[in-house]
Amino acid sequence: MTTEIAPSRPENTVTAAAVQVSGVRKAFGKVAALRGVSLEVLPGQVYGLLGPNGAGKTTLLRILLGLVRPDDGSVTVLGRRPGTPEALRQVGALIETPAFIPHLTGRTNLQVLARARGLSDAEVDRVLEVVELRHRGDDRFAGYSLGMGQRLGVAAALLGGPSLLILDEPTNGLDPEGVASIRALVRSLGAAGTTVLFSSHQLGEVQQICDRVVVIDRGLVIADDTVTAIRDRPGSVALDVWATPADQAGRLLAEYTGQTPAETGDPGDRHWHFDGAPDDIPGLVRALVAAGIDVHEIRRERQTLEGVFFALTKHDDEPAEES
(Lines give C-alpha, C1' and ligand atoms only; values in the text may rest on other atoms or scores of the structure.)
Protein backbone atom coordinates (compact mmCIF):
# COMPACT_ATOMS: atom_id res chain seq x y z
CA MET A 1 0.00 0.00 0.00
CA THR A 2 1.33 3.44 -0.87
CA THR A 3 2.76 5.54 1.92
CA GLU A 4 1.22 8.73 0.52
CA ILE A 5 -1.86 9.18 2.65
CA ALA A 6 -3.05 12.76 2.39
CA PRO A 7 -1.95 16.16 1.19
CA SER A 8 -0.55 18.58 3.74
CA ARG A 9 -3.04 20.09 6.19
CA PRO A 10 -4.41 23.59 5.63
CA GLU A 11 -3.02 26.29 7.92
CA ASN A 12 -6.31 26.59 9.82
CA THR A 13 -6.35 22.95 10.98
CA VAL A 14 -8.33 22.77 14.24
CA THR A 15 -6.34 21.65 17.29
CA ALA A 16 -9.25 21.40 19.78
CA ALA A 17 -11.37 18.26 20.11
CA ALA A 18 -12.14 16.91 16.65
CA VAL A 19 -15.56 15.75 17.85
CA GLN A 20 -17.36 16.96 20.97
CA VAL A 21 -20.73 15.41 21.87
CA SER A 22 -22.52 16.37 25.08
CA GLY A 23 -25.86 15.02 26.32
CA VAL A 24 -27.21 14.22 22.87
CA ARG A 25 -30.69 12.77 22.66
CA LYS A 26 -32.58 11.67 19.57
CA ALA A 27 -35.90 9.86 19.23
CA PHE A 28 -37.76 8.63 16.18
CA GLY A 29 -41.37 8.58 17.27
CA LYS A 30 -41.50 6.52 20.45
CA VAL A 31 -38.11 4.92 19.82
CA ALA A 32 -35.24 6.59 21.70
CA ALA A 33 -32.17 6.12 19.49
CA LEU A 34 -29.81 8.16 21.69
CA ARG A 35 -30.42 8.88 25.38
CA GLY A 36 -27.87 11.40 26.56
CA VAL A 37 -24.70 10.41 24.68
CA SER A 38 -21.48 12.27 25.51
CA LEU A 39 -18.03 11.63 24.06
CA GLU A 40 -14.89 13.41 22.93
CA VAL A 41 -12.57 12.48 20.07
CA LEU A 42 -9.14 14.13 20.10
CA PRO A 43 -7.24 15.02 16.91
CA GLY A 44 -5.16 12.18 15.51
CA GLN A 45 -7.04 9.46 17.41
CA VAL A 46 -8.36 6.30 15.81
CA TYR A 47 -11.67 5.92 17.64
CA GLY A 48 -13.87 2.84 17.44
CA LEU A 49 -17.63 3.08 17.87
CA LEU A 50 -19.11 -0.25 18.94
CA GLY A 51 -22.58 -1.48 19.77
CA PRO A 52 -25.21 -4.08 18.84
CA ASN A 53 -27.53 -3.49 15.90
CA GLY A 54 -29.97 -0.74 16.84
CA ALA A 55 -27.69 0.69 19.54
CA GLY A 56 -27.66 4.16 17.94
CA LYS A 57 -24.26 4.15 16.21
CA THR A 58 -25.42 5.17 12.73
CA THR A 59 -27.78 7.78 14.18
CA LEU A 60 -24.83 9.36 16.01
CA LEU A 61 -22.67 9.35 12.87
CA ARG A 62 -25.48 10.96 10.88
CA ILE A 63 -25.79 13.67 13.53
CA LEU A 64 -22.06 14.40 13.22
CA LEU A 65 -22.52 14.93 9.48
CA GLY A 66 -25.56 17.17 9.87
CA LEU A 67 -27.87 14.61 8.25
CA VAL A 68 -29.95 14.25 11.41
CA ARG A 69 -30.66 16.90 14.02
CA PRO A 70 -30.51 15.94 17.70
CA ASP A 71 -33.52 16.64 19.89
CA ASP A 72 -31.30 17.84 22.72
CA GLY A 73 -27.64 18.28 23.58
CA SER A 74 -24.72 19.91 21.80
CA VAL A 75 -22.38 18.72 19.05
CA THR A 76 -19.31 20.26 17.43
CA VAL A 77 -17.25 18.79 14.62
CA LEU A 78 -13.80 20.32 14.15
CA GLY A 79 -14.99 23.18 16.33
CA ARG A 80 -18.01 23.90 14.15
CA ARG A 81 -21.69 23.04 13.94
CA PRO A 82 -22.28 19.71 12.13
CA GLY A 83 -23.25 19.94 8.48
CA THR A 84 -21.94 23.47 7.89
CA PRO A 85 -19.81 23.99 4.76
CA GLU A 86 -16.84 24.91 6.96
CA ALA A 87 -17.05 21.59 8.81
CA LEU A 88 -17.85 19.41 5.81
CA ARG A 89 -14.86 20.71 3.84
CA GLN A 90 -12.59 18.93 6.32
CA VAL A 91 -14.70 15.79 6.83
CA GLY A 92 -14.74 12.63 4.74
CA ALA A 93 -17.47 10.07 5.32
CA LEU A 94 -18.75 6.67 4.31
CA ILE A 95 -22.13 5.93 5.88
CA GLU A 96 -23.74 2.56 5.20
CA THR A 97 -23.55 1.28 1.57
CA PRO A 98 -21.77 3.67 -0.84
CA ALA A 99 -23.84 4.81 -3.84
CA PHE A 100 -22.21 5.33 -7.25
CA ILE A 101 -23.43 5.54 -10.86
CA PRO A 102 -23.35 1.92 -12.11
CA HIS A 103 -22.50 2.53 -15.79
CA LEU A 104 -19.58 4.85 -15.01
CA THR A 105 -16.11 3.62 -14.14
CA GLY A 106 -14.78 3.85 -10.61
CA ARG A 107 -12.39 6.58 -11.72
CA THR A 108 -15.13 8.60 -13.42
CA ASN A 109 -17.38 8.33 -10.38
CA LEU A 110 -14.61 9.80 -8.25
CA GLN A 111 -13.84 12.48 -10.86
CA VAL A 112 -17.46 13.66 -10.70
CA LEU A 113 -17.14 14.07 -6.92
CA ALA A 114 -13.68 15.62 -7.14
CA ARG A 115 -14.60 18.23 -9.75
CA ALA A 116 -17.68 19.25 -7.75
CA ARG A 117 -15.21 20.15 -4.98
CA GLY A 118 -12.64 21.77 -7.25
CA LEU A 119 -10.15 18.90 -6.89
CA SER A 120 -7.87 17.63 -9.64
CA ASP A 121 -7.76 14.27 -11.40
CA ALA A 122 -4.41 13.73 -9.69
CA GLU A 123 -6.29 13.63 -6.38
CA VAL A 124 -8.51 10.87 -7.82
CA ASP A 125 -5.43 8.88 -8.79
CA ARG A 126 -4.02 9.37 -5.29
CA VAL A 127 -7.04 7.98 -3.45
CA LEU A 128 -7.41 5.08 -5.90
CA GLU A 129 -3.80 4.19 -5.12
CA VAL A 130 -4.41 4.47 -1.36
CA VAL A 131 -7.27 1.95 -1.46
CA GLU A 132 -5.46 -0.25 -4.03
CA LEU A 133 -8.02 0.18 -6.81
CA ARG A 134 -5.93 2.03 -9.37
CA HIS A 135 -5.65 -1.09 -11.55
CA ARG A 136 -9.47 -1.39 -11.58
CA GLY A 137 -10.23 2.32 -11.80
CA ASP A 138 -11.26 2.13 -15.46
CA ASP A 139 -13.75 -0.71 -14.88
CA ARG A 140 -17.44 0.11 -14.62
CA PHE A 141 -18.76 0.28 -11.08
CA ALA A 142 -21.52 -2.19 -12.03
CA GLY A 143 -18.83 -4.86 -12.29
CA TYR A 144 -17.34 -4.19 -8.86
CA SER A 145 -17.69 -6.72 -6.08
CA LEU A 146 -19.22 -5.62 -2.76
CA GLY A 147 -15.76 -5.32 -1.26
CA MET A 148 -14.45 -3.24 -4.16
CA GLY A 149 -17.47 -0.98 -3.83
CA GLN A 150 -16.63 -0.47 -0.15
CA ARG A 151 -13.06 0.45 -1.01
CA LEU A 152 -14.25 2.91 -3.66
CA GLY A 153 -16.49 4.44 -0.98
CA VAL A 154 -13.47 4.86 1.30
CA ALA A 155 -11.59 6.44 -1.62
CA ALA A 156 -14.41 8.96 -2.07
CA ALA A 157 -14.26 9.78 1.64
CA LEU A 158 -10.51 10.43 1.35
CA LEU A 159 -10.81 12.99 -1.46
CA GLY A 160 -9.19 16.25 -0.42
CA GLY A 161 -7.32 14.77 2.55
CA PRO A 162 -9.94 15.30 5.30
CA SER A 163 -8.92 16.11 8.88
CA LEU A 164 -11.71 13.84 10.14
CA LEU A 165 -12.72 10.58 8.52
CA ILE A 166 -16.06 9.00 9.54
CA LEU A 167 -16.60 5.42 8.43
CA ASP A 168 -19.65 3.25 9.08
CA GLU A 169 -18.75 -0.45 8.76
CA PRO A 170 -15.90 0.15 6.26
CA THR A 171 -14.95 -3.55 6.09
CA ASN A 172 -18.47 -4.73 5.24
CA GLY A 173 -18.28 -7.35 2.50
CA LEU A 174 -14.49 -7.48 2.35
CA ASP A 175 -12.55 -10.72 2.21
CA PRO A 176 -9.75 -11.23 4.77
CA GLU A 177 -7.21 -9.60 2.47
CA GLY A 178 -9.47 -6.60 1.98
CA VAL A 179 -10.07 -6.30 5.72
CA ALA A 180 -6.31 -6.33 6.32
CA SER A 181 -5.91 -3.64 3.64
CA ILE A 182 -8.45 -1.34 5.28
CA ARG A 183 -6.86 -2.02 8.68
CA ALA A 184 -3.45 -0.96 7.37
CA LEU A 185 -5.01 2.10 5.75
CA VAL A 186 -6.71 3.24 8.97
CA ARG A 187 -3.48 2.74 10.92
CA SER A 188 -1.57 4.81 8.37
CA LEU A 189 -4.16 7.57 8.43
CA GLY A 190 -3.99 7.78 12.21
CA ALA A 191 -0.18 7.82 12.13
CA ALA A 192 -0.32 10.68 9.60
CA GLY A 193 -2.52 12.76 11.94
CA THR A 194 -5.96 12.11 10.46
CA THR A 195 -8.69 11.61 13.06
CA VAL A 196 -10.68 8.46 12.28
CA LEU A 197 -14.05 7.62 13.85
CA PHE A 198 -15.55 4.38 12.66
CA SER A 199 -18.13 1.82 13.64
CA SER A 200 -17.48 -1.85 13.08
CA HIS A 201 -18.63 -5.34 13.96
CA GLN A 202 -15.09 -6.63 13.34
CA LEU A 203 -14.06 -6.46 16.99
CA GLY A 204 -10.72 -8.12 16.34
CA GLU A 205 -9.89 -5.35 13.89
CA VAL A 206 -10.98 -2.66 16.35
CA GLN A 207 -8.79 -4.21 19.03
CA GLN A 208 -5.76 -4.00 16.75
CA ILE A 209 -6.07 -0.47 15.39
CA CYS A 210 -8.00 1.77 17.80
CA ASP A 211 -6.57 4.21 20.34
CA ARG A 212 -9.92 4.42 22.13
CA VAL A 213 -13.25 2.65 21.98
CA VAL A 214 -16.73 3.79 22.93
CA VAL A 215 -19.46 1.17 23.41
CA ILE A 216 -23.06 2.29 22.89
CA ASP A 217 -25.97 0.10 23.91
CA ARG A 218 -29.65 1.05 23.74
CA GLY A 219 -28.74 4.67 23.11
CA LEU A 220 -26.37 5.00 26.09
CA VAL A 221 -22.59 5.08 26.36
CA ILE A 222 -21.66 2.15 28.61
CA ALA A 223 -17.87 2.24 28.12
CA ASP A 224 -15.43 4.85 26.83
CA ASP A 225 -11.72 4.18 27.29
CA THR A 226 -8.58 2.77 25.71
CA VAL A 227 -8.79 -0.78 24.39
CA THR A 228 -6.38 -1.93 27.11
CA ALA A 229 -8.40 -0.32 29.90
CA ILE A 230 -11.66 -1.81 28.63
CA ARG A 231 -10.08 -5.26 28.42
CA ASP A 232 -8.78 -4.84 31.98
CA ARG A 233 -12.20 -4.00 33.45
CA PRO A 234 -13.00 -5.84 36.72
CA GLY A 235 -14.00 -9.40 35.99
CA SER A 236 -12.54 -9.37 32.47
CA VAL A 237 -9.38 -11.32 33.32
CA ALA A 238 -9.88 -15.09 33.70
CA LEU A 239 -7.74 -17.49 35.73
CA ASP A 240 -7.36 -21.26 35.42
CA VAL A 241 -5.63 -23.34 38.10
CA TRP A 242 -4.45 -26.93 37.68
CA ALA A 243 -3.62 -28.41 41.12
CA THR A 244 -3.91 -31.72 42.95
CA PRO A 245 -5.57 -33.04 44.98
CA ALA A 246 -8.25 -31.21 43.00
CA ASP A 247 -10.97 -31.29 45.69
CA GLN A 248 -8.63 -29.90 48.34
CA ALA A 249 -7.38 -27.26 45.90
CA GLY A 250 -10.95 -26.17 45.12
CA ARG A 251 -11.80 -25.71 48.80
CA LEU A 252 -8.64 -23.65 49.45
CA LEU A 253 -9.16 -21.53 46.31
CA ALA A 254 -12.70 -20.67 47.43
CA GLU A 255 -11.58 -19.88 50.98
CA TYR A 256 -8.59 -17.77 49.93
CA THR A 257 -10.35 -15.71 47.24
CA GLY A 258 -13.89 -15.51 48.57
CA GLN A 259 -15.00 -16.66 45.12
CA THR A 260 -16.36 -20.01 44.07
CA PRO A 261 -14.28 -21.32 41.18
CA ALA A 262 -15.91 -23.46 38.51
CA GLU A 263 -14.66 -27.01 38.08
CA THR A 264 -14.01 -27.56 34.41
CA GLY A 265 -12.22 -29.85 31.97
CA ASP A 266 -12.52 -33.58 31.39
CA PRO A 267 -11.42 -36.08 34.06
CA GLY A 268 -7.89 -36.14 32.66
CA ASP A 269 -7.63 -32.34 32.61
CA ARG A 270 -9.63 -31.36 35.69
CA HIS A 271 -8.99 -27.79 36.85
CA TRP A 272 -10.56 -24.71 38.43
CA HIS A 273 -11.67 -21.58 36.58
CA PHE A 274 -12.32 -18.01 37.79
CA ASP A 275 -14.16 -15.63 35.44
CA GLY A 276 -12.51 -12.73 37.28
CA ALA A 277 -8.88 -13.29 38.24
CA PRO A 278 -8.05 -12.82 41.97
CA ASP A 279 -5.80 -9.85 42.69
CA ASP A 280 -3.07 -11.67 44.64
CA ILE A 281 -2.08 -14.57 42.37
CA PRO A 282 1.45 -15.01 43.90
CA GLY A 283 -0.10 -15.20 47.39
CA LEU A 284 -2.63 -17.72 46.11
CA VAL A 285 0.15 -19.96 44.78
CA ARG A 286 2.08 -19.72 48.07
CA ALA A 287 -1.07 -20.70 50.01
CA LEU A 288 -1.63 -23.74 47.81
CA VAL A 289 1.97 -24.91 48.19
CA ALA A 290 1.95 -24.29 51.95
CA ALA A 291 -1.11 -26.53 52.22
CA GLY A 292 0.77 -29.36 50.51
CA ILE A 293 -1.13 -28.96 47.24
CA ASP A 294 0.81 -29.56 44.02
CA VAL A 295 0.39 -26.67 41.58
CA HIS A 296 0.80 -27.91 38.02
CA GLU A 297 -0.19 -24.82 36.06
CA ILE A 298 -1.60 -21.32 36.52
CA ARG A 299 -2.98 -19.60 33.44
CA ARG A 300 -4.09 -15.96 33.53
CA GLU A 301 -5.87 -14.75 30.41
CA ARG A 302 -7.22 -11.31 29.61
CA GLN A 303 -10.49 -11.39 27.69
CA THR A 304 -10.53 -10.21 24.10
CA LEU A 305 -12.36 -7.01 23.28
CA GLU A 306 -15.04 -9.23 21.77
CA GLY A 307 -15.53 -11.08 25.05
CA VAL A 308 -15.78 -7.86 27.05
CA PHE A 309 -18.17 -6.38 24.47
CA PHE A 310 -20.55 -9.34 24.76
CA ALA A 311 -20.43 -9.13 28.55
CA LEU A 312 -21.15 -5.39 28.50
CA THR A 313 -24.08 -5.64 26.09
CA LYS A 314 -25.75 -8.75 27.49
CA HIS A 315 -29.17 -8.05 29.01
CA ASP A 316 -30.94 -10.16 31.60
CA ASP A 317 -34.26 -9.47 29.90
CA GLU A 318 -33.15 -11.05 26.63
CA PRO A 319 -34.74 -14.42 25.86
CA ALA A 320 -32.44 -17.41 26.12
CA GLU A 321 -31.33 -18.96 22.84
CA GLU A 322 -33.16 -22.12 21.88
CA SER A 323 -31.08 -25.27 22.00
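The values are calculated or read from the model by the stated rules, or taken from the named source; none is laboratory data. The structure presented is a predicted model; accordingly, all values stated were derived computationally and were not measured. With ideal geometry, Cβ positions are generated from the backbone for all residues, glycine too; neighbour counts draw on all protein chains shown. Remember, those area values only see protein heavy atoms, side chains included, never the ligands or the DNA or RNA. Shrake-Rupley method; radii C 1.70, N 1.55, O 1.52, S 1.80 Å.
Before anything else, pin down the relative contact order of the range 163-219: Cα pairs under 8 Å, at least 6 apart, normalised by residue count, whole percent.
45
By average Cβ neighbour count within 10 Å, what is the ranking of 280-292, 175-187, 197-209 from highest down?
Taking the mean over residues of other Cβ atoms within 10 Å, the ranking is 197-209, 175-187, 280-292.
Using a Förster distance of 51 angstrom, determine the FRET efficiency expected from the C-beta separation of ARG69 and ASP275, and round it to 0.05.
After rounding to 0.05, the efficiency reads 0.75.
Set the Förster radius R0 to 25 Å, insert the Cβ-Cβ distance between GLU86 and ALA191 as r into 1/(1 + (r/R0)^6), and round the FRET efficiency to 0.05.
0.40
Would you mind counting up the charge near ALA262? Only other residues with Cβ under 12 Å from its Cβ, with Lys and Arg at +1 and Asp and Glu at -1.
Once positives and negatives cancel, what remains is -2.
With an 8 Å cut-off on Cα pairs and a minimum separation of 6 or more residues, tell me the relative contact order of the chain in percent.
Relative contact order for the chain comes out at 19 percent.
So what are the three principal axis dimensions of the range 7-109 from its Cα atoms, in whole Å, longest to shortest?
43, 38, 23
Of the heavy-atom accessible surface of the range 8-94 (probe 1.4 angstrom), what whole percent is carbon and sulfur?
In the range 8-94, the share of accessible area belonging to carbon and sulfur is 49 percent.
Cβ under 14 Å from GLY276's Cβ, GLY276 left aside: what net charge do those residues give with Lys, Arg +1 and Asp, Glu -1?
Local net charge: -2.
If you take every residue apart from GLY204 with its C-beta less than 12 Å away from the C-beta of GLY204, what net charge results, scoring Lys and Arg +1 and Asp and Glu -1?
Overall, the nearby charge balance is -1.
Would you kindly derive the ³J(HN,Hα) couplings of the range 27-38 from the backbone phi angles with the Karplus curve 6.51 cos²θ - 1.76 cosθ + 1.60 (θ = phi - 60°), listing them in order in whole Hz, with x for Gly and Pro?
10, 10, x, 8, 8, 8, 6, 10, 10, x, 7, 9
Ignoring ligands, DNA and RNA, what accessible area per residue does the range 91-144 give at 1.4 Å, in Å²?
51
To the nearest 20 Debye, how big is the dipole of the range 179-254 about its Cα centre, given +1 on the beta carbon of each Lys and Arg and -1 on that of each Asp and Glu?
It works out to roughly 120 debye.
Could you name the aspartates and glutamates whose alpha carbon sits less than 17 Å from that of LYS26, not counting residues in the same chain fewer than 8 places away?
ASP71, ASP72, ASP217
Test of understanding: what is the full-extension gain from LEU312 to SER120, defined as 0.36 nm times their sequence separation minus their Cα-Cα distance?
64.5 nm
What percentages make up the Cα-Cα pair-distance distribution of the range 198-323 when the bins are 10 Å wide from 0?
Calculated P(r), rounded to whole percents: 11, 35, 26, 21, 7, 0.
For every helix of n ≥ 4 consecutive DSSP H residues, a contribution of -39,500 (n - 2.57) applies; sum these over the chain, divide by its total residues, and give [θ] at 222 nm rounded to the nearest 500 deg cm²/dmol.
The per-residue figure over the chain is -9500 deg cm²/dmol.
Percentage of Cα-Cα pair distances in the chain greater than 37 Å, rounded to whole percent?
Result for the distance tail: 32 percent.
Dipole of the chain (Lys/Arg Cβ +1, Asp/Glu Cβ -1, origin at the Cα centre): which of PRO267, VAL289, VAL46 lies farthest to the positive side?
Projecting each Cα onto the dipole axis, the largest value belongs to VAL46.
Quick one: 3J(HN,Hα) in Hz for the range 220-233, Karplus 6.51/-1.76/1.60 with θ = phi - 60°, rounded, Gly and Pro as x.
Rounded to whole hertz, the list is 10, 7, 10, 7, 8, 6, 5, 4, 4, 5, 5, 5, 9, 4.
Multiplying the sequence separation of ASP175 and THR304 by 0.36 nm and subtracting their Cα-Cα distance, what value in nm do you get?
Length gained, ASP175 through THR304: 44.2 nm.
Among GLY190, ALA229, THR257, which residue has its Cα positioned farthest towards the positive end of the charge dipole of the range 188-323, with +1 placed on the Cβ of Lys and Arg, -1 on the Cβ of Asp and Glu, and the dipole taken about the Cα centre?
So the residue we want is GLY190.
Highest mean first, what order results for 111-120, 147-156, 270-279 on Cβ atoms within 10 Å?
Peptide ranking by packing, descending: 147-156, 270-279, 111-120.
With an 8 Å cut-off on Cα pairs and a minimum separation of 6 or more residues, tell me the relative contact order of the range 175-250 in percent.
This gives 15 percent for the range 175-250.
Taking a label point 7 Å from the Cα of GLU297 along the Cα→Cβ vector, which residues of the range 246-288 have an amide N closer than 12 Å to it?
265-266, 268-272
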